[in-house]
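Asks: One structure coming up, written as structure tokens, with questions to follow.
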Amino acid sequence: MSKSTTVITDEKRSLFTVRFLISLVLVVAGIAWLVFYYAQARGNPLAFPPVEGSPKAVSDLGDWNYAIGFGALMLGLMVSAHPSTPLGRGRGVVVGMLGCFLVGLLWICTFYVFSDDLSKLWIFNDLGQWNLVVGIAFMAVGFSFATKWE
């Protein structure tokens, strides 16, 4: 059985395709959302009295901000697994797959090593046991790259 040629050859040669730019925007937006929420909108719940975050609309979402940030990040990585992007073809698939596997493994190992005192690690201290879900999600995105490997 022959493979379907869904990607045009010109699209394979160019570096900045629309899909690649969308994936890049999603990854950057996810990281920016996480940093903005943690540094600004979350406030300081450990202070006495607790400091409210600003803007209130974002701080009211609470832990859903992590779902939004990590969701955009993971979605951007999954979109980049398409053959029309540099990470979706050739050696890029292996780099994306192994990169996601290693980031997931390092995320889980970091959580377990520092689980006694997570107070000094950004984002880890708010997520608690949800750090395992984040690490497994990175590995799941690695499997989306693995399905493209030839």
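The values are calculated or read from the model by the stated rules, or taken from the named source; none is laboratory data. This is a predicted model, so every value here is computed, not measured. Here the Cβ positions follow ideal geometry from the backbone for every residue, glycine too, while neighbour counts run over all protein chains shown.
Asks: For the list (1) assigned to a loop (DSSP other than H, G, I, E, B); (2) without any contact (Cβ under 8 Å) to a residue 40 or more places away in the chain; (3) surrounded by fewer than 17 Cβ atoms within 10 Å (Cβ to Cβ), I need the number of the one condition that residue 112 fails.
Replies: (1)
Asks: Scan (1) small (Gly, Ala, Ser); (2) modelled with pLDDT of 90 or more; (3) over 22 Å from residue 130 (Cα atoms) for the single condition residue 67 breaks and write down its number.
Replies: (3)
Asks: Now a separate question. When you look at residue 58, is it aliphatic (A, V, I, L, M), part of a helix (DSSP H, G or I), within 16 Å of residue 15 (Cβ to Cβ) and free of Cβ contacts under 8 Å to residues at least 24 places away in the same chain, yes or no?
Replies: Criteria not met by residue 58.
Asks: Out of all the residues in region 61-98, which are over 21 Å from the mean Cα position of the chain (by Cα) and in a helix (DSSP H, G or I)?
Replies: If the condition is that a residue be over 21 Å from the mean Cα position of the chain (by Cα) and in a helix (DSSP H, G or I), then no residue fits.
Asks: Here's another thing I want to ask about it. Is it the case that region 123-145 has a residue that's in a loop (DSSP other than H, G, I, E, B) and either among the small types (Gly, Ala, Ser) or at pLDDT below 90 (or both)?
Replies: yes
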